[in-house]
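Below is one structure, written out as structure tokens, with a few remarks after it.
The values are calculated or read from the model by the stated rules, or taken from the named source; none is laboratory data. If you're wondering where the values come from, they're calculated on a predicted model, not measured in any experiment. Here Cβ is always computed from backbone atoms with ideal geometry, including for glycine, and neighbour counts include all displayed protein chains.
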Amino acid sequence: MDAGEQTAFASDRLISLDVLRGVAVMGIFAMNIVNFAMPDAAYNNPAAFGLEGPADLIAWFASFVLIDGKMRALFSFLFGASLLLVVTRADAGGEDPARVHFSRMAWLLAFGAAHTVLIWDGDILVQYALIGMIAYRFRNRPPPALAVAAGLLLLAQLLLVAGLDTILGAAGARDMFAAPGAGALAADLAVHRGPYADLLARRWADVPQVPLIALLVHGCETLAYMLAGLWGLKTGFLTGGWAMARYRRVAAIALGLTVAAYAGLGLLYWRGGFDTGQAFALTNVTPTVLRPVMVVGIAALVIILTANGGALTTRIAAAGRCAFSNYLGASLIATTIFYGHGLGLYGRLSRWELYPLVFAVWAAMLLWSAPWLARYRYGPFEYLWRSLSRGRAQPFRR
């Protein structure tokens, strides 16, 4: 990165990154809603729970093809890009980039641990904090080196999940994708619909193995995506710096190939009766190859569609600037609706019935974020994170 790029990154708000982040945080909730509302097996296997009719199958198929894993990956891309922006701006402002970065990651780890134990055990912040500490070492690498490193990490991820598929098959342990038995289902429903203290005790008992397992299974992939985010910022891809014709070409090729491939996987899984013997290969192994290509295509398409701005683009960008608050806020809303300390709707809705709530939460993200940022510099959790990371209260009101 040359001096001119550093100056631009240090002084300008990159709207394309905000828009992409807004799309990602909204998309993540569209997949997380299944984990909030249903037993774990339902996430990868719609037949395990919540499949009551054709509308549920269509809802699963659409989310599998267009959303599942892609929004998490896009968010990881943007986390890597934001990492580079923060350390570049810290350096331009006379701060120690390493101190700022590792302080941010330490506090993000604390937020993630609290989120995991107190609110919801599907947290991604712990993994982002730990992988973000590693990604910092790549900040000065040129784009070609970042692309090679990301590719090697994705190859390692593919070998890992392929190995897990073999182990799961050999051990006969693919029950993780099967419908829970009557006893297990009754216990899961009881704890999620029961008092907060019981659910808290269950989450506390799972610490630290739940985030550790997620780190081991997805760590290489997450780091690869963060390095791709560094590449995307340095090459101008994520900032809207490419010619529109180039974005259109990337979107057409990447989405043309991967949407068709994902649709084929989904149909194969569907026509096979959601066979648990095929589940890991179809939902985890093969998508490891397809996912990064599709995410690049999605990013290119979003940049094309929002290049001319407009009211909706402004709203999405504001949601992206408040992504941390929107992510945690969505967890608070969903757990209040589904768990026993709130409305207790856990396990009571089929898959398609979850999506009116998704649209309502999306609307809330779009409605509150822009007016809030008109008065304040940061979202509420962004402000808290920034102030804690720097050891002093930051300017808040505009």
Among (1) at pLDDT below 95; (2) assigned to a helix (DSSP H, G or I), the one test that Gly232 misses:
(1)
Count - residues of the range 182-213 that are among the hydrophobic types (A, V, I, L, M, F, W, C) and under 23 Å from Phe49 (Cα atoms):
10
Exactly one of Gly236, Gly273 is without any contact (Cβ under 8 Å) to a residue 12 or more places away in the chain and of a type in the set (Gly, Ala, Ser), and that residue is Gly236
Subset of the range 254-288 that is modelled with pLDDT of 95 or more, closer than 26 Å to Gly232 by Cβ and out of contact with any helix residue (DSSP H, G or I) (no Cβ under 6 Å at 6 or more places or on another chain) - its residue that is surrounded by the most Cβ atoms within 10 Å (Cβ to Cβ):
Val259
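Every residue, every condition in (1) of a type outside the set (A, V, I, L, M, F, W, C); (2) within 23 Å of the chain's Cα centre (by Cα), yes or no:
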residue	(1), (2)
Trp352	no, yes
Tyr355	yes, yes
Ala374	no, no
Tyr383	yes, yes
Given the criteria modelled with pLDDT of 95 or more, under 18 Å from Leu230 (Cα atoms) and over 17 Å from the mean Cα position of the chain (by Cα), does Phe75 qualify?
no
Does the range 132-148 contain at least one residue that is β-branched (Val, Ile, Thr), within 28 Å of Ala197 (Cα to Cα) and touching a Leu at 6+ places or on another chain (Cβ under 7 Å)?
no
Just one of Leu312, Leu354, Leu305 is surrounded by 19 or more Cβ atoms within 10 Å (Cβ to Cβ) and more than 27 Å from Leu109 (Cα to Cα); which is it?
Leu354
Would you confirm, using the coordinates I've provided, whether Gly163 is small (Gly, Ala, Ser), crowded, with 16+ Cβ neighbours inside 10 Å and assigned to a helix (DSSP H, G or I)?
no
Give me the residue from the range 44-60 that is over 17 Å from Pro356 (Cβ atoms) and part of a loop (DSSP other than H, G, I, E, B) and, out of that set, farthest from the chain's Cα centre (by Cα).
Leu51
Restricting the search to the range 369-393, which residues are within 16 Å of Arg21 (Cβ to Cβ), among the aromatic types (Phe, Trp, Tyr) and without any contact (Cβ under 8 Å) to a residue 60 or more places away in the chain?
Trp372, Tyr378
Considering only the range 175-189, I want to know if a residue exists there that is in contact with a Phe, Trp or Tyr (Cβ under 8 Å, 6 or more places away or on another chain), crowded, with 16+ Cβ neighbours inside 10 Å and more than 30 Å from Gly344 (Cα to Cα).
no
If a residue must be of a type in the set (Gly, Ala, Ser), without any contact (Cβ under 8 Å) to a residue 24 or more places away in the chain and part of a loop (DSSP other than H, G, I, E, B), how many such residues does the range 175-220 contain?
1
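Matching residues to (1) surrounded by fewer than 22 Cβ atoms within 10 Å (Cβ to Cβ); (2) closer than 18 Å to Ala149 by Cα; (3) hydrophobic (A, V, I, L, M, F, W, C):
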residue: Ala201; (1), (2), (3): yes, no, yes
residue: Trp204; (1), (2), (3): yes, no, yes
residue: Pro208; (1), (2), (3): yes, no, no
residue: Gly219; (1), (2), (3): yes, yes, no
residue: Thr222; (1), (2), (3): no, yes, no
residue: Met226; (1), (2), (3): no, yes, yes
residue: Trp231; (1), (2), (3): no, yes, yes
residue: Leu238; (1), (2), (3): no, no, yes
residue: Arg246; (1), (2), (3): yes, no, no
Quick check, is Ser82 within 25 Å of Ala311 (Cα to Cα), in a helix (DSSP H, G or I), touching a helix residue (DSSP H, G or I) at 6+ places or on another chain (Cβ under 9 Å) and among the hydroxyl-bearing types (Ser, Thr, Tyr)?
yes
Among the residues of the range 61-77, count how many are assigned to a loop (DSSP other than H, G, I, E, B) and either out of contact with any helix residue (DSSP H, G or I) (no Cβ under 9 Å at 6 or more places or on another chain) or not charged (D, E, K, R) (or both).
2
With respect to Ala319, determine if the residue is out of contact with any Pro (no Cβ under 8 Å at 6 or more places or on another chain) and buried (at least 20 other Cβ atoms within 10 Å of the Cβ).
yes
